[in-house]
1. I'd like the full set of residues that are closer than 27 Å to B:Pro488 by Cα and surrounded by fewer than 21 Cβ atoms within 10 Å (Cβ to Cβ), limited to region B:395-429.
2. Return the only residue of B:Asp318, B:Asp335 being under 20 Å from B:Asp990 (Cβ atoms), in contact (Cβ under 8 Å) with a residue 40 or more places away in the chain, buried (at least 21 other Cβ atoms within 10 Å of the Cβ) and of a type in the set (D, E, K, R).
3. How many of the residues making up region A:275-312 are crowded, with 21+ Cβ neighbours inside 10 Å and of a type in the set (D, E, K, R)?
4. Here is a check on your reading of the model: is A:Asp144 at pLDDT 95 or above and either in a helix (DSSP H, G or I) or surrounded by fewer than 20 Cβ atoms within 10 Å (Cβ to Cβ) (or both)?
5. What's the total number of residues in region B:960-1010 that are among the acidic types (Asp, Glu), assigned to a loop (DSSP other than H, G, I, E, B) and under 44 Å from the mean Cα position of the chain (by Cα)?
6. Quick check: is even one residue across region A:74-85 assigned to a loop (DSSP other than H, G, I, E, B), facing chain B (nearest Cβ under 10 Å), buried (at least 24 other Cβ atoms within 10 Å of the Cβ) and among the polar types (S, T, N, Q)?
7. Can you run down the residue pairs with Cβ atoms below 9 Å, 6 or more apart or on separate chains, where the first is in region A:84-100 and more than 22 Å from A:Ala136 (Cβ to Cβ) and the partner is assigned to a helix (DSSP H, G or I) and at pLDDT 95 or above?
8. In the set B:Ser525, B:Ser561, which member is part of a strand (DSSP E or B) and either closer than 19 Å to B:Asn191 by Cα or at pLDDT 95 or above (or both)?
Amino acid sequence: MKNKYIIILVLTTLLASCTKNFEDFNTDKKRPADVTGEALFSNAIKNLADQLTTPNVNLNIFNLWAQYWTETTYTDEANYDIVNRTIADNTYRAFYRDILEDLQKASVLIALEEATVINTQAAIDNKLRVIDMIQAYCYQILVDVFGDVPYTEALDIENISPVYDDAATIYSNLITRVKADVSGMTVDDGTNLGSADFIYDGDAEAWVKFGNTLLVKLGITLSDVNPSLAQTTVEDAYAGAFESGEDNANFPYLGSSPNTNQIYAELVLTGRNDFVGANTLVDMMNGLSDPRLPSYFTTIDGEYIGGDYGESSPYSQYSHVADHIKDPTFPGFLLTYDQLLFYLAEGAARGWSVGGSASELYTDAITASFDLWNAGSAENYISSAGVAWDAANWKSLIGVQSWIAFYVRGLEGYTQWRRFDVPTFNIAPSIETESDIPVRFTYPINEQTLNKTNRQNAADAIGGDELTTHIFWDVN
Amino acid sequence: MKKFTILFVCLLLMGFSSLLGQEIQVTGTVTDKTDGGPLPGVSVVVKGTVTGTATDVSGKYSITVPSDASLIFSSIGMKTQDIPVNGRTEINVLMEQEIGELDEVVVTALGVSRAKKSLGYSVQEVDGDQLNTVKSDNFINALSGKAAGVNIRSTGNLGGSTNVTIRGSRSLYGSNQALFVIDGVPINNANTNNDGQVSGRSGYDFGNSASDINPNDIASISILKGAAATALYGERASNGVIMITTKKGSVTPGKLIGVTLNSNVTFGTIDKSTFPTYQKKYGAGYGPYYGDAPYTGLESIDINDDGVDELVVPMYEDASYGQAYDPSLMVYHYDAFYPESPYYGQARPWIMAKNDPTTFFETAVSYTNSIDVSGGNEKSTFRLGYTNLSQTGVMPNSKLDRNNVSLNGSYNLVKNLKVSASANYINESAKGRNSTGYSDNILSSFRQWYELNVDVQEQKDLYDNTGKNMSWNRTAWDDGTPIYWDNPYWVRYENYESDGRDRLIGYTQLDWTATSWLSFMGRFSVDSYNTLQEERKAVGSVAGELGVDRPDVTSGYSRFSRVFAETNLDMMANINKSFGENLTLTAFIGTNIRRTRLDQVFESTNGGLSVPEVYALSNSANPMLPPEEDLQRVGVNGYFGSVSLDFKGLIFLDGTFRRDISSTLPKDNWGYNYPSISTSFLFSELVDASWLSFGKLRLSYAEVGSGAPWGSVDDTYRPYAPFAGNPLVSVDNTKNNQDLKPERTKSIEGGLAMNFLKSRVGFDLSLYQTNTVDLITPVAVSYATGYSSKYLNAGEMENKGIELTLNLTPVRMSGFVWDISFNWARNMNKVKSLALGLENLRINPISLQGGVSVNARVGEPYGAIQGSDFVYEETTGRPIVRSNGYYELTGTSDIVLGTIQPDWTGGILNTFAYKNISLRALIDIQHGGSIFSLDQWYGQGTGLYPETVFINDLGNQVRNANDADGGGGLILDGVTEDGTQNTTRIEGNDYRYAGWARNPNSAFIYDASYVKLRELSLTYDLPIKILSNTPIYGASLSLVGSNLWIIFKNLPYADPEAGQSSGNTQGWQSGVMPATRRYGVSLKVQF
């Protein structure tokens, strides 16, 4: 019988002792459980710049849809196929999961920081305002791409079926938010973000200018649909916005992967030859003898030749993206001075008080674009036929010139085309008429399956989840 | 081979001891007990020797033996008898037929041997011989078609992984793979393939690690299917258990050791029905838009500055929708621009290539050689086995080698106290496994993206002669950089992977029989391995995904290393006591303490290699990215008990109980209990009917609990490479959950087994229902939540099924036996509910190319393949064609197009034995299930397949121009929106109409059914008479073949079984390997 006791004793000992380390077993020793808000902020900014600059056909196809570029052999995306590569899903993923969630968490952690003599409460608050402005910047993009999107209920993992908010309401809310951020910034206190802020190195004043410029961008987009809000927003903000190209919100890419410009990553590192200039842009610039051509494209036998948009275009026969754009350190443009000036020129043309005449601002905008692209003097170009200011024709001029100027910022160029309906885009082979040209993304496949009811409600609210459903501001 | 020859000779020279004694001559007659007829061909052997004879046609025999010897009488289908001579000179023997299940003993959970008749649940046994005659590099594949309800799906990759599910899928996202247990030691069956490989992007299939087991060591396999059978194994056994019992040393009086040599060589060639047949009329290009008329499918370029344009192949295209062949047309192919090419500067006729990609494959050769030494005496036993597998694949430069050394032994220390131990060392190395998936895979080029004017053997010559990447897919005539595809031989010989694994599986065990009714067992076991996987991309290759974060790079090196160890400490106290004649109690209590530790690192060069051909991390062009590191430790403490009652050998009752504490769950929920109860009723004991040999009814109910995957409770952040010295971190993509509860499987099973007519007819029928609830799942969520997924106890899955095995012996006469063994299983799976009212979960970890997804959708079987479909007109029910002539497609991709679950599976094994010759044929059947073929989705679009070349309704080639001259093009079958017949003619000369560009996913969903002749073997056992004067105890020679013939399938140009990897993402094919037919010869000699 003694043996029985031994067994029981052994079993009891095992019972008592063996779970001691269990919690430790399940703890991840290789990944941090505590991080700083700044590291999350840095990551979000980099992801944002990457998403805006990448020409990867799985992620960002707006250089195609803006008809700046076309595809050589695999023309699916230029022909508006976003399903095959689940591009809408990837866009949601990039913005909500990889940018906004990190910003959100950064806010939570920074709000918990304890104020010190160096990291003052005002600096902490400034950081939160910077983060909020970047969030607003992202939400505007989401609305501009999809229309109604999850906003008030977004970024809450406890609610896995977030409702979609009305796009116009989101816009008004973003304007309110950014206004509060701008007016609340105490410039003298800085942000203490320092080198974690790759755009402005923690300079609070620069972020105030950024916020005002963002307000102009938000406001101007509403000009056809809510002119009064558009006008007050732009008029209130322009004076505090960028004052020169020095103020540009540029992401300073580095020379080696994974921190290079994504254009370099996709066009050079992959060794693929998927894109050439589209005839839409190349023909337009050829027609205007645009001096920015060498900054934009290479030549074929001394000429600039664009591939027919959406058609198969052998790489060797058409102009390619200019080499300097394919440099690893080519900056990522988030918001620029020439962009601001085009918006202001439009405001002036609409009769708003934005600190200058439409003609002056138009001239300044083109000049700023030439500066951005190192294209020399814009003087002759601005006075040339087809470019020279004509108040009667302001929409077409600003539309075309801003579209040309926003090269490689595909989404901004595409938005300008949607707002002004100039230039006349080419009809890709997959569609039949101009009215078939997509003016938004359809919602992600994931939303169809994972957030079904809310997506359906949103689809109904915007007039159908179609590529051809207009974003609320796209009324003309 | 040399080693073996030497060993063989040594053993022959050594000679063998035989018993000496007074020799007498014994004669007699062997008769059948049932009908009294003589039995010819019965083997009569002196026990412990190789001396023997056989009975003649009248059942008579004569043999000279020592007077104190024993004679062994054996014959197929008869019970073997062991009769001591005791000085007699005449011994007549009545032989009895074997009556299957009555006497069968099977191994059940925790290695407990039980009479099969006493079990209240289903256990199916597969004999080691059944796995060994026709060898496979992975013994798991050899189970295919042999057991009802066990679904085996091998990918076709060299040394690739095999998906093993028993009775369907129970888990939404976790493993649905069966647990492998070898002699009581649970072994790791992990598959180290990454998400990108599993989702078919790119990568190699490194196989799953249970394939390390040497089939030659296997004595038998027990398959425990239901929860009642596996409940004692605890959490990991909810998907069923494959229990392997290895061969042990045995005590044979008068003989010290027995030696068995086994040698097997097989040759493999591709099954051409599983590889593309190509169209023969058109070459490179995507359509008629390159050069000047009339040869618009070719480029017109003045390459030699003579002022006249030459015709140049658009070599940068990877499709065959180009110019129609015309031998009188002289064109410049890609090879006209490589100075090293014999065709440099030459124009050649525009014709189809002589050697298409079929010629890329080589004959695979596989050698398996093994030696097995075993012996024992009253106090001890031992067995030592060594097996070497050496194999080359059908892809050039691919090979796999495996060495297994196993040693086991036991020793009776003192009376009632036995110590035993086993050690199994495995060393595996492979080189040049085939790539899988969509990108960077030669086979996706051959199946999807290729120019049929390119001669594969010319590519070989160019690589062989220069060692350079001279690809058919030049960027341009004046730019030799490969654009999308490398020279396939360059890929095989320069960009190869290599991997290796060293593994030790072993145990030590102590058995103590304390009293006649009480015994104790203690066992410590370990399964531990190191594995290293290296991938290379040589400088000058086309960019492809490689390394940490899998960026596209044009050169690089990555290494993945894993150290894994699992230890188990098992202790059991057993009671076996009879209470009177009618009641026997068997009971045990015990504990199982399990610990696993997994430590792995994945690291790679960044931005390419700085010096070519040096595959070292230190050769990184840019500073390396931070490696991906994982350290995962898991502990489970289990406590269990079991009580079995045997009432008069008529009714058996079993009850088990187990409690697990799992470290992977939150502390408040980490302990959980689960019971099982089962009963078996041998009603044949109550019926006295000569036609009924055996009858049993069984019923069981069981629950099994299961913990969470490691690291699903607490949140962590994900660090990235720093930017200019600043740290970058991100919120993890998956939200963990501190409220997880254990998952539970509840299972009920009933069965009926009956044998008739002296067991010449028998069946075993099982019915079961399994419900798994509180499934722990990283539920995919809307990205708008800021995450991709969230760990939840999400939902319920149900499996209902029926399994039938049937054994027939249509013929059993003197010397000839024909046995048929038939198994059939139908499992009906249904996703009952998901958490939080969700209706659908995506299973594939990252998006699948083509826009389809594999899902768990409420109300559908697990593994619903979803994608886009045609839009059907309501009144006619026919697909709508738009005004541009192409089909209208659904705007969404959530249409259920098929399922990965088959309707039913089955196998038929026929065995014919005539005297010393036996013929076995195994047919393996799957009915139903679906596959989305990315190969067809793209390959039809690039015009590779003959389906894209046909005579249209106007009597012209469809690829002719759609104009008055050409008369080409086609009118798609369908209706316009108002229901009238479509009449719009579209172009038939470009990639749009047939493939991905204008068609829905549903057009490329295929039925996955197949009927295969899985195995065929013809074995000749050398007659004992011939061997009686040699030291050889037995010898057999077999001709073997596997996967010889796909008798039926619906999927064109591929094997419906082929895939990327094991795991839950099935039903999607891209660049899959063709099936390999294997045939060869196997020799077995016993001393």
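The values are calculated or read from the model by the stated rules, or taken from the named source; none is laboratory data. Since we're looking at a predicted model, the values are computed, not measured. Neighbour counts run over all protein chains shown; Cβ positions are idealised from the backbone, glycine included.
1. B:Pro396, B:Asn397, B:Lys399, B:Asp401, B:Ser429 - these are the residues of region B:395-429 that are closer than 27 Å to B:Pro488 by Cα and surrounded by fewer than 21 Cβ atoms within 10 Å (Cβ to Cβ).
2. Numbers: B:Asp335 fails: under 20 Å from B:Asp990 (Cβ atoms).
B:Asp318 is the lone residue from the list that is under 20 Å from B:Asp990 (Cβ atoms), in contact (Cβ under 8 Å) with a residue 40 or more places away in the chain, buried (at least 21 other Cβ atoms within 10 Å of the Cβ) and of a type in the set (D, E, K, R).
3. Looking only at that region, the number is 2.
4. Answer is yes for this residue.
5. Of the residues in that region, 3 qualify.
6. Yes; the residues of region A:74-85 include at least one that is assigned to a loop (DSSP other than H, G, I, E, B), facing chain B (nearest Cβ under 10 Å), buried (at least 24 other Cβ atoms within 10 Å of the Cβ) and among the polar types (S, T, N, Q).
7. A:Asp89/B:Tyr783
8. One residue alone meets the criteria, B:Ser561.
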